[in-house]
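Novice: Handing you this structure, nothing more for now.
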Amino acid sequence: MIDISKQTVKVDCPECNRSISVTLKQVANEALIKCNCGQEIQLKDSNGTNKKAIKDVNKSFKDLERTLKNFGK
Ligand SMILES: [Zn+2]
């Protein structure tokens, strides 16, 4: 089962401009991450966009799974 929340996105550190990989789940949970330079970055899921996207995409995969299962019958 594919889980979109494990997909990673890149955020730029405001301090050193290094790009850091974070999972969509971390963004949805608005996790506090730390860059290698020591700068802490507060992830923001504005208006719950990522949370909603994860839910929608996971639902689509579930629907697809169901369709494929029914297809095999
Ligand atoms: Zn940094």
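The values are calculated or read from the model by the stated rules, or taken from the named source; none is laboratory data. These numbers come from a predicted model, not from an experiment. Cβ sites come from the backbone with ideal geometry, for glycine too, and all protein chains shown count toward neighbours.
Novice: Tell me which residues, restricted to region 35-59, are under 12 Å from the mean Cα position of the chain (by Cα) and touching a residue at least 24 places away in the same chain (Cβ under 8 Å).
Specialist: Within region 35-59, Leu43, Asn50, Ala53, Ile54, Val57, Asn58 qualify.
Novice: Please tell me if Leu32 is at pLDDT 90 or above and under 12 Å from the mean Cα position of the chain (by Cα).
Specialist: no
Novice: Quick one: which residue in Ser46, Ser21 is in contact with a Lys or Arg (Cβ under 7 Å, 6 or more places away or on another chain) and of a type in the set (S, T, N, Q)?
Specialist: Testing whether each residue is in contact with a Lys or Arg (Cβ under 7 Å, 6 or more places away or on another chain) and of a type in the set (S, T, N, Q) leaves just Ser21.
Novice: Answer yes or no: is there a residue in region 33-52 that is in contact with a helix residue (DSSP H, G or I) (Cβ under 7 Å, 6 or more places away or on another chain) and among the basic types (Lys, Arg).
Specialist: Yes, some residue in region 33-52 is in contact with a helix residue (DSSP H, G or I) (Cβ under 7 Å, 6 or more places away or on another chain) and among the basic types (Lys, Arg).
Novice: Residues in region 13-29: is at least one over 17 Å from the mean Cα position of the chain (by Cα) and among the hydroxyl-bearing types (Ser, Thr, Tyr)?
Specialist: no
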